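What follows is one structure encoded as C-alpha cells, with my remarks underneath.
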Amino acid sequence: MCAAAIAFARPKLASTVTRVKERHDAYSLPPTHLLPAASMGYKQALADLIWAHVLVTQGLRYSEKRPFDYLATYLDAIHELDPKFREPYRFADSLLAFQANDPDKVGSVRAARRAVERGVAELPTDAELWVTLGEFLAYIGPSALQDPEEQAKWRADGAAALMHAGQLGAKDENVMWHSVAAVGLLSGQEAEREALIRFLERVYAMTEDEELREHVLKKLHVLGKDQAESMGIRRQRAFDGLWRKVSFINRTQLRVIGPMPETWQCAGDQPEGPQTDRCRRDWLAWGRTLQLGR
C-alpha cells in the first residue's frame with residue numbers, strides 16, 4: 001500500500017517541483033544600523049561570516065542565472081560592522097556590476113561605485129583600491145549609463161583616481177602602469193595639460209622601471225613637452241647621476257642623506273641668495289643650482 005501511494009503521488013510532486021522555482025531572495029539580518037549591537041561584540045567575526053555568505057550565494061545565483069537581490073544590502077552590513085575590512089571593497093565592483101540577468105544594471109553600477117568609494121575613504125593610502133575605483137569608473141561603469149555627459153564625467157573621475165594611485169608611490173609597478181594609462185583619458189583637455197605633465201614627471205621620479213620611464217617620456221612627447229624641456233626629467237636624471245656614484249645605497253636613502261656637497265664649495269662664509277648658492281647642502285639648493293645650469 002505504501003509503495004502504491006508513493007507511486008501515485010510521486011509524479012504529481014515531481015511535476016510541481018519542476019514548475020516551482022525560487023525567484024527572489026529573503027534578507028534575514030536585522031536592520032543595518034542595529035547589526036553592531038546584534039553582533040554582541042563579535043563585529044569582525046560577523047562581518048567575515050556575512051562576506052562568506054555573499055561569496056557563496058553570488059556563485060550560486062550566477063549558476064542559476066539570476067541576480068543576487070540583496071547583495072548591496074549585505075555589503076552595507078559588512079561596512080557597518082567592520083569599515084576597515086578590505087576584501088569587500090576590492091570585489092564590490094565585480095560582484096555588483098556583473099550579476100546575471102540584472103533587471104537594474106544602472107542601479108547596480110551606481111551601488112558599486114558607492115561601495116568602492118567607501119573603501120578609498122576608509123583606506124585612503126591603499127593604491128590598489130584606488131586602481132580598482134579608477135578602472136571601474138573609467139572602463140566598466142560608463143557602459144551601463146545612457147547620458148554621454150555622465151559617461152564623460154565618470155571617465156574623468158576614473159582617470160583622476162588612477163593618477164592618484166600613482167601619486168601614492170606604490171611598490172607594485174603595475175599600479176604605476178595603470179596610473180600612466182589614465183593620462184590618455186584626459187590628454188585631450190587643454191586645461192589638464194600642465195597637471196598631466198607634472199604628474200608624469202612625478203611618476204618618472206618615483207619609478208625605477210626603465211621601460212615605464214621610456215613610456216612616460218613618450219607620453220610627455222605626445223603632450224608637447226619634450227624631455228629636454230622638462231625640468232622635472234632633467235632634475236631626476238641629474239639625481240640618478242648622483243645616485244650611481246653611491247649605488248651601494250638605494251634612491252630613498254640618498255634622498256634622506258642629501259646631495260653630499262663638495263667640501264671646498266662649502267668652506268668659509270657663504271653669500272646669500274640662490275644666484276650665489278654654491279654649497280648645496282640640501283635638495284632645494286641643489287635644485288636651484290641645477291635650474292641655473294650650474
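None of the figures in this text is laboratory data; all of them are computed from the coordinates on show. Note that the structure is predicted; figures quoted are calculated from it, not measured. Don't worry about glycine lacking a Cβ; one is built from the backbone with ideal geometry, like all the others, and counts go over all protein chains shown.
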Under-5 Å amide H pairs with residue 69, H placed in peptide plane, nonlocal only: 25
Calculated from backbone phi, Karplus (6.51, -1.76, 1.60) coupling profile of region 214-223 in Hz, x at Gly/Pro: 5, 5, 4, 4, 5, 5, 4, 5, 5, 6
Cα pair count fraction exceeding 20 Å, expressed as % - region 37-248: 64 percent
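Expected output is a single nm value to one decimal: the length gained when fully extending between residue 147 and residue 44, i.e. 0.36 nm times separation in residues minus the C-alpha distance. What is it?
Between residue 147 and residue 44, full extension yields an extra 33.1 nm.
Mind sorting 163, 260 by how few other Cβ atoms lie within 10 Å of their own Cβ, fewest first? The partial results should precede the final answer.
On the way: 163 26, 260 13.
So the ranking, lowest neighbour count to highest, is 260, 163.
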Neighbour-count order for 65, 84, 153, fewest beta carbons within 10 angstrom listed first: 65, 84, 153
